[in-house]
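Report on the following structure.
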Amino acid sequence: MREENRGPWYLLTGLVLGVAAGLVFAWVISPVRYVDTAPTSLRDDFKSQYRALIAVAYLYSGDLQRARVRLNTLGQANPAGELALQAQVALAEGRPESEVQALTLLSAALSGQAAQIDLTGTPQANQTPQPSPNLTPTALVVQATTAVVEAANATSTSGATRVRGTPTFTPTPLPSRTPTLTPGADFVLQDQKLVCDLTSGEALIQVEVLDAARQPVPGIEIIVRWDGGEDHFFTGLHPQISLGYADFAMTPGVTYQVQLASGGQTVPDLVVTECEGDPGRYWGNWRLEFVQP
Amino acid sequence: MSRWTKFLIAVILGAAGALFYGWVVNPVEYVDTAPDSLRFDYKTDYVLMVAEAYQVENSLGLAARRLALLGSDPPLETVTQAVNTATQIGYDLADLALMRSLAEALQTWNPNQEAPAP
């Protein structure tokens, strides 16, 4: 009689104990270990580092297709936009200039307005590619041997590690190296004028850098100096305006000098200047146009 | 059927249900992982990227810090493993040469002489 009064509660108790045991096994005794993952699963900060590394590697190889394949492994919908955004963040955080320039160049190249580079990292735009005779086409990793594929599968199913949902083996093709270019002539100041534009909201030094074919050139480093200070900025961070565009906000009362980091002419004595218009007086922008002869 | 048998069956059903939930209904998603969990071919390509970047930046310290993301092995060992894998997979000779060049540079690298990172 007494056992009958207990009812079916012992079954529920067993069920709960079973669930608890399953979770303890899954979370404590043999927790999940991440192995054989793809770059798309990386944490955001690691993705940023990975993306920067892709960009710097692109500076060396100039192989846009290879960079594109690598970026695709990160699973980003808009790699060019991500690169441009990361370049701005890197610039703001004071990251190395080579990293900012690499991110900018690769972003511009992916945007279709290719900023082609030579092996010294100097950006050149719209030049005729010169094939490099000593570079051989890179073999595709897709040619991976069966043994390697089997090794990958063996690793992922090994009893030493518990893996569920292991990604299937999809070898990453590495495309061949693209031709490199030779550097061109220095940029020269073509035009300097005060632009009265109410919409900018602040006094800007607006720089536009164009190549010999008058195409915008991204990734150009610009140095702005003033009494007791100096700053650097790059073209290509505002692709919605132009890939060859860069700007710098001026402070009233300060006199600035502007020069491209690659050298050439210095533009002196840039100060905040007033414009007069319908709503009254407002700050104008200094627009500087550098062109490759 | 005894009560103990029924009880054990309930335990097994509970465990099976938990595993079904964990593996089928709500399986593990690979998110927020670290580079050391990357599959071997991605790791190899990562090392190649480090070797390419080294040619641009010429900084062994930076290369070593990047390689450290792949695990706790010494940088030289990481690159050596990657060279072996790349050879097996059939990487281009130029890429292999880049990685070997990085390995050679790392043989003489002394982390204690490295300037602090910015």
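Observations, loosely collected:
- Scanning segment B:1-38 for residues being under 26 Å from the mean Cα position of the chain (by Cα) and within 7 Å of chain A (Cβ to nearest Cβ) gives a total of 12.
- Meets criteria (assigned to a helix (DSSP H, G or I) and hydrophobic (A, V, I, L, M, F, W, C)) for B:Val47: yes
- Pick from segment B:20-71, criterion at pLDDT below 90 and aromatic (Phe, Trp, Tyr), ranking: nearest to B:Leu96 (Cα to Cα): B:Tyr30
- Annotation for segment A:81-95: at least one member residue is at the interface with chain B (Cβ under 10 Å from one of its Cβ atoms) and on the phi < 0 side of the Ramachandran plot.
- Per-region count, segment B:59-73, residues surrounded by 15 or more Cβ atoms within 10 Å (Cβ to Cβ) and within 15 Å of the chain's Cα centre (by Cα): 8
- B:Gly14 vs. criteria touching a helix residue (DSSP H, G or I) at 6+ places or on another chain (Cβ under 7 Å) and on the phi > 0 side of the Ramachandran plot: no
- Residue check, B:Val31 in contact with a Lys or Arg (Cβ under 6 Å, 6 or more places away or on another chain) and under 23 Å from A:Asp36 (Cβ atoms): no
- Qualifying residues in segment A:5-36 (those that are more than 7 Å from chain B (Cβ to nearest Cβ) and in contact with a Lys or Arg (Cβ under 7 Å, 6 or more places away or on another chain)) - the one least open to solvent (accessible area, probe 1.4 Å): A:Ser30
- Answer residue from segment A:88-107, given it is more than 20 Å from B:Ala63 (Cα to Cα) and hydrophobic (A, V, I, L, M, F, W, C) and is most open to solvent (accessible area, probe 1.4 Å) among those: A:Ala92
- Qualifying residue in segment A:54-66 (condition: more than 9 Å from the chain's Cα centre (by Cα) and without any contact (Cβ under 8 Å) to a residue 40 or more places away in the chain): yes
- Meets criteria (more than 9 Å from every other protein chain (Cβ to nearest Cβ) and aliphatic (A, V, I, L, M)) for A:Ala67: yes
- Given (1) over 14 Å from A:Glu230 (Cα atoms); (2) touching a residue at least 24 places away in the same chain (Cβ under 8 Å), number of the condition A:Tyr256 does not satisfy: (1)
- B:Leu106 being away from chain A (no Cβ under 11 Å), surrounded by 19 or more Cβ atoms within 10 Å (Cβ to Cβ) and either farther than 19 Å from A:Ile54 by Cα or of a type in the set (Lys, Arg) (or both): yes
- Which listed residue, of B:Ala16, B:Ala53, B:Ala105, is within 19 Å of A:Ala67 (Cβ to Cβ) and outside any loop (DSSP other than H, G, I, E, B): B:Ala53
- Residues of segment B:41-58 satisfying the condition of being open to solvent by 50 Å² or more (accessible area, probe 1.4 Å) and under 23 Å from the mean Cα position of the chain (by Cα): B:Lys43, B:Gln55
- Taken over segment B:79-101, the criterion of being open to solvent by 60 Å² or more (accessible area, probe 1.4 Å), under 19 Å from the mean Cα position of the chain (by Cα) and within 9 Å of chain A (Cβ to nearest Cβ) is satisfied by B:Gln88 alone.
Each row is one residue, and each column tells you yes or no for (1) modelled with pLDDT under 90; (2) aromatic (Phe, Trp, Tyr); (3) within 30 Å of the chain's Cα centre (by Cα); (4) farther than 24 Å from A:Arg95 by Cα.
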{"position": "A:Asp231", "(1), (2), (3), (4)": "yes, no, yes, no"}
{"position": "A:Ala249", "(1), (2), (3), (4)": "yes, no, yes, no"}
{"position": "A:Pro252", "(1), (2), (3), (4)": "yes, no, no, yes"}
{"position": "A:Thr255", "(1), (2), (3), (4)": "no, no, no, yes"}
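- Residues of segment B:14-40 that turn out to be charged (D, E, K, R) and touching a Leu at 6+ places or on another chain (Cβ under 7 Å), as a count: 1
- Some residue of segment B:79-100 being part of a helix (DSSP H, G or I), among the hydrophobic types (A, V, I, L, M, F, W, C) and within 21 Å of A:Arg33 (Cβ to Cβ): no
The values are calculated or read from the model by the stated rules, or taken from the named source; none is laboratory data. Bear in mind the structure is a predicted one, so any value in this text is a computation, not a measurement. Here Cβ is always computed from backbone atoms with ideal geometry, including for glycine, and neighbour counts include all displayed protein chains. The protein model used for the area step is the full one, side chains on, heavy atoms only, and it has no ligands, DNA or RNA in it. Shrake-Rupley method; radii C 1.70, N 1.55, O 1.52, S 1.80 Å.
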